[in-house]
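Just so you know, all these numbers are worked out from the coordinates, no wet-lab data involved. Given the structure is predicted, the values throughout are model-derived calculations rather than measurements. Note: ideal-geometry Cβ built from the backbone for every residue, glycine included; neighbour counts use all protein chains shown.
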Amino acid sequence: MSSVSVVIPCYKYGDYLRACVDSVLDNPGVDVRVLIIDDASPDDSAEKAHAVAASDPRVEVRVHQENKRHIATYNEGLLDWADGDYVALLSADDMLTPGALTRAVALLDANPDVGFAYGHPVHFRHPGPPPPANQGTGGTAVYPGHWWLERRFREGTGCITSPEVVVRTDLQRKVGGYDPALPHAADIEMWMRLAAHADVGYVKADQAYYRLHEKNMHAAAGALDDLRERRIAYESVLAKCGDLLPERDRLDALVHQRLARFALRRAFRAYDRGRTAVVPEDELVAFAAEVWPEYRRLPEYRALAVRRRVGARTMPYLQPLVLSAVAAKGREWLWWQSWRRRGI
C-alpha cells in the first residue's frame, strides 16, 4: 500500500481543521499520515489542532513558538517531516474531495515517470457548504513534463490552485522547497520546476475544495503585483532549470510577451469599465515596456491607444462601437489575406 504524507499549515484557521483533516483521512487503500503545523496562531488554533490529533493516531501536531511565515512552514513539513511515497500540501481552510488521494496515488503508482498528479479544484464560497464533487470515471492523462511546462510559459498563468496536487516525495526533495523570494507565486514556480524534471499526471475528476473567503492569502494581491510575481516565478524557473530546457530562450520570449499583453489588456480594459482613476495605467504600460521592448507592436497596445484618443469619460459609452470597428477590421484583414492567397 502506497503512503502519503500530508502537510497542513495552519495560521488562525483552527475552525476549519476538523473538516480538512477528515477529508484527508477518508481515502481507502492509501496509508495516510498528517502533520498539522500551527504557525504561532494568536487564537486557539493550536488547541483545536491538538484536539483533532487526539482523535486519530495518524495525525500529529507541531506548534511554532514564533511565526515563521508560510514558506518556511511549508518547507518544514515537506522536506524535514514527510517520509511517505508521496506528499501533499493542504491549507487548513481547504479540503480534499472523497477519494482524491486514492485516485492520485493510483495514477502515480501506474506511471513511475510522473512526478506529480493534479485534478480539478472546486472553488466554493465560505461558509459553504461545498457542492457535490464529480469523482470521475477513473480517467487520467499523462503529459510530457516539458510539453506541460511550455503550456505554462505560453499562457503566462497557472492552471493549478494548490490543494489538488500530490507529489513524489523523492522528486520534491530533489527540486527543493518553496522559494521564500516568491511569497505569492511560489506555488506556480514549484509546479514548473517539478515539470522540468518529470512528466505530469492529470486526474479527470474534482480533486480538492478551495474555500473562498476574505482571509484568503492572495485575496489582497493587486493586478500589477500579481504580474510582477509571475514574472519573477518564470524567470526563477529558467534560472534554476535552464540546463534541462533546450529551448530556454524561446520559452523566455514566450512568457515575457504574454505578460506584456496581460499588462496592456488590464490597462485598456480600465477605460471600458470606467476605472482609469483606480487602475495604474502608466505602471502597467511601464511593466509591459520592461518585459517586452516591442510592446507598441502588440494588438493590446493599439487597443489602448484607441481608448486614449477616445478618452476615459467617453469610452464606456462608445465601447460597443469600438469593439464593432475592431471586429470589422479583423474581418477585412482576413478577406485581404484570402485575396492575396488566391493571387487575384
Calculated FRET value between ARG250 and SER55, using beta carbons and R₀ = 56 Å, to 0.05
0.60
Total lysine pairs under 30 Å (Cα atoms) in the chain, excluding pairs fewer than 8 apart on one chain
11
The Kirkwood hydrodynamic radius of the range 141-299, taken as the inverse of the mean 1/r over all distinct Cα pairs, in Å, comes to 17.0
What number, in percent, do you get for the relative contact order of the chain if the mean sequence gap of Cα pairs under 8 Å and at least 6 apart is divided by its residue count?
16
Stretch ASN67-ASP170 to full length: gain in nm at 0.36 nm per residue minus the Cα-Cα span?
34.3 nm
Chain lengthening between ASP43 and ARG125 when straightened (0.36 nm per residue, less Cα-Cα)
27.2 nm
Non-local residues with an amide H under 5 Å from the amide H of ALA208, with H modelled 1.01 Å from N and Pro and chain starts lacking one, are THR97, VAL122
Residue-ordered couplings for the range 78-94, obtained by feeding phi - 60° into the Karplus form 6.51 cos²θ - 1.76 cosθ + 1.60 and rounding to whole Hz (Gly and Pro as x), are 6, 9, 8, 10, 4, 9, x, 4, 10, 9, 9, 10, 9, 4, 4, 8, 10
Can you tell me the 0 to 90 degree angle between the C-alpha axis of helix 299-310 and the longest principal axis of the chain, rounded to 10?
60
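Given charges of +1 on the Cβ of Lys and Arg and -1 on the Cβ of Asp and Glu, with all other atoms neutral, how large is the dipole of the chain about its Cα centre, in debye to the nearest 20?
2540
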So if we plug the beta-carbon distance of ALA110 and GLU290 into 1/(1 + (r/R0)^6) with R0 = 41 Å, what FRET efficiency do we get, rounded to 0.05?
0.35
Any idea which of PRO293, ILE37, GLY177 is furthest toward the positive side of the dipole for the chain, if Lys and Arg beta-carbons carry +1 and Asp and Glu beta-carbons -1?
PRO293
Taking Cα atoms, how many degrees apart are the long axis of helix 145-155 and the longest axis of the chain, rounded to 10 and kept between 0 and 90?
50
Residue-ordered couplings for the range 176-191, obtained by feeding phi - 60° into the Karplus form 6.51 cos²θ - 1.76 cosθ + 1.60 and rounding to whole Hz (Gly and Pro as x), are x, x, 6, 8, x, 6, 10, x, 10, 9, 5, 5, 4, 5, 5, 4
Residues with amide H under 5 Å from that of ILE37, placed H, sequence gap 5 or more:
ILE8, CYS10, ARG62
Based on the Cα coordinates of the chain, what is the per residue volume of their convex hull in Å³?
182
